[in-house]
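Mind looking over this structure? Questions follow.
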């Protein structure tokens, strides 16, 4: 067998031969032509949906921003303005018109190429987008390159070393990196690379006002210097971009490495790769086949990370004074500049749709099977008792085909058939084979006891993590602190860590240790409240969305459109426009957490609905509500617990990000995110302790929550982490 024949036999199914099988006349058969036509129809449908999606994004952005309670007139005129002056401003801005009239006016402006004008500067929204968006796109693309390269390397090494100590070390590094907020990593890079090592310039923007600068064409310094062939300006801009690109890219690479590892492990266990390995192909060729198998998943995750960075990089832009679109819109949100906010939502939503379109087309080209263009959609009628009765009755005719768990779960429908089959011992013998009813030997009992003891030891780590979290909350409320959190000492300003002040003091002389412990009593209960509310709402909606009815599909499409908007900016908008009280902060946390709950619960519920005991329950006449509550929901306990732990870590990061921007928990109340900007001004001069210790508290708490999620996923979940 020559090498070409080996390659033709070992080609995986996900990488079909481009030429296709030949027909009797030497031409290609109808199969590849039908696949190409199906792929063309799929791409045409995606292109035709794009204008519809953009229209829905525009409508959703307008309705969402218009329905949030706000008063731009007060922000423009001030709190001392008279009601007559406020009404005059509302009339001038067109805010007194009914919502349908304003919507029609907004659509008319978009048709004529206008997204409105700023309430404060009078500039066109489109001109501001053109001035600030290119620098954000440049930052996102550079960060995405770092994310993909590092993520693929780490994920490939971890998947290749699966089951070895090296894999454990790599997974620990990835898990620890996932626990670090991007803005905290940015502060750490400033401290190490600029303050200590002096290898990069300070966080003052894209270029230095005193150094070589490119001609301003797009606003993106690297791109402008490249197209104008300005070498010195390109080198200077590249040095200024190192820290923000690393801050976004390293954090993104941790998530991408986890996705790469999972996809490659599935590919290594696939039949195509196993066949290639059995043929004795070189390892390099097998690795290439596995990467081709994992490529659709990697493209999908890269698209998700790209859309998450657009708008989600606003805090990083703020830290490094990047002067991008995210930093620009943060200033407009605090001024309640509604046209700019609506324009941002429209632009980011449209970019998200374009990215998803490109990702879907790329996946369809890589693996045409994923387009499902020629596959008819199968209608599942799980709520029809008559169909379920027929299927279950067919299985009851042959008791050997029924598993004991399925028979016990469907006892309401099949108890009579089970009684006719004989005694319990006879049934067990028939189902499980001879010896199923005998008593275990002492050695078997000892082995079973050892397995149970090992299972109990496995939960030691998550129990310790829970104990540490509970201890932090109790210490914040009950432990005697060495100093009051808001006590100011002008004689101990920026004192270094010592026996008197364990974590040092901040710029006002307040004890950092006392404020870090007190912040646990603020951040953790707030995050817990948001997670519990998200658990209730997300579980209910996810169960309703798993019914496979038409309105459930519409619900999921609405969720897709909602997630097209940058959730960080949306949370900031809600908190700023409605006020920073506890209820608003919980709603802001739910924006980050509820979509994941809905998708996890829905996907797991769909899997449970296909199992036989659900058919038995429906055949027995159980109403849909009882089937959902008594039979489906208990089988979702593991994935829900895993997602709850992940949601808690996400909530901690969300609260820290909002507090870092001064939104939500405002000074002088101590919060972990709020302590960071108070030490940001001093970090460039080497006073690291006001930032490092609160940042470590965030990292440790998030890492503990992720550790709990990992252990729960390994022993209770069904792959909820993906």
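Of the residues that sit in segment 557-577 and are farther than 17 Å from residue 590 by Cβ and out of contact with any helix residue (DSSP H, G or I) (no Cβ under 6 Å at 6 or more places or on another chain), which one is modelled with the lowest pLDDT?
Top of the filtered list is 557.
Among the numbered conditions (1) touching a helix residue (DSSP H, G or I) at 6+ places or on another chain (Cβ under 9 Å); (2) at pLDDT 90 or above; (3) closer than 30 Å to residue 298 by Cα, tell me where residue 239 comes up short.
Here residue 239 meets the rest and fails (1).
I need the helices (runs of 4 or more DSSP H) fully contained in segment 85-191, keeping only those with at least 1 residues that are within 23 Å of residue 653 (Cα to Cα).
125-160, 165-178, 182-189
Is it the case that residue 686 is more than 30 Å from residue 610 (Cα to Cα), surrounded by fewer than 19 Cβ atoms within 10 Å (Cβ to Cβ) and in contact with a helix residue (DSSP H, G or I) (Cβ under 7 Å, 6 or more places away or on another chain)?
Against the criterion (more than 30 Å from residue 610 (Cα to Cα), surrounded by fewer than 19 Cβ atoms within 10 Å (Cβ to Cβ) and in contact with a helix residue (DSSP H, G or I) (Cβ under 7 Å, 6 or more places away or on another chain)), residue 686 qualifies.
Looking at 19, 14, 70, 66, which is the one that is outside any helix (DSSP H, G or I) and either modelled with pLDDT of 50 or more or in the same structural domain as residue 275 (by TED's automatic domain parsing) (or both)?
70
With the structure loaded, tell me whether residue 57 is surrounded by 12 or more Cβ atoms within 10 Å (Cβ to Cβ), in contact (Cβ under 8 Å) with a residue 12 or more places away in the chain, under 30 Å from residue 365 (Cα atoms) and in contact with a helix residue (DSSP H, G or I) (Cβ under 8 Å, 6 or more places away or on another chain) or whether it fails that test.
The answer is yes for residue 57.
What number of residues in segment 702-717 are surrounded by 16 or more Cβ atoms within 10 Å (Cβ to Cβ) and part of a loop (DSSP other than H, G, I, E, B)?
Total meeting the criteria: 1.
Can you name every residue in segment 76-120 that is loosely packed, with under 13 Cβ neighbours inside 10 Å and under 18 Å from residue 334 (Cβ atoms)?
78, 79
Would you say residue 691 is within 19 Å of residue 179 (Cα to Cα), modelled with pLDDT of 80 or more and over 24 Å from the mean Cα position of the chain (by Cα)?
yes
Condition test on residue 664, is it surrounded by 21 or more Cβ atoms within 10 Å (Cβ to Cβ), closer than 22 Å to residue 528 by Cα, in the same structural domain as residue 648 (by TED's automatic domain parsing) and at pLDDT 85 or above?
Answer is no for this residue.
With the checklist (1) free of Cβ contacts under 8 Å to residues at least 40 places away in the same chain; (2) more than 20 Å from residue 145 (Cα to Cα); (3) surrounded by fewer than 16 Cβ atoms within 10 Å (Cβ to Cβ) in hand, flag the one item residue 230 doesn't pass.
Tallying (1) free of Cβ contacts under 8 Å to residues at least 40 places away in the same chain; (2) more than 20 Å from residue 145 (Cα to Cα); (3) surrounded by fewer than 16 Cβ atoms within 10 Å (Cβ to Cβ), residue 230 fails exactly one: (3).
Next question, about the same structure. Across segment 504-527, what is the number of residues that are assigned to a loop (DSSP other than H, G, I, E, B) and either out of contact with any helix residue (DSSP H, G or I) (no Cβ under 7 Å at 6 or more places or on another chain) or surrounded by fewer than 22 Cβ atoms within 10 Å (Cβ to Cβ) (or both)?
Residues that pass the stated criteria total 4.
The values are calculated or read from the model by the stated rules, or taken from the named source; none is laboratory data. Source: prediction; values computed, not measured. In this analysis, Cβ positions are derived from the backbone assuming ideal geometry, glycine residues included, and neighbour counts consider all displayed protein chains.
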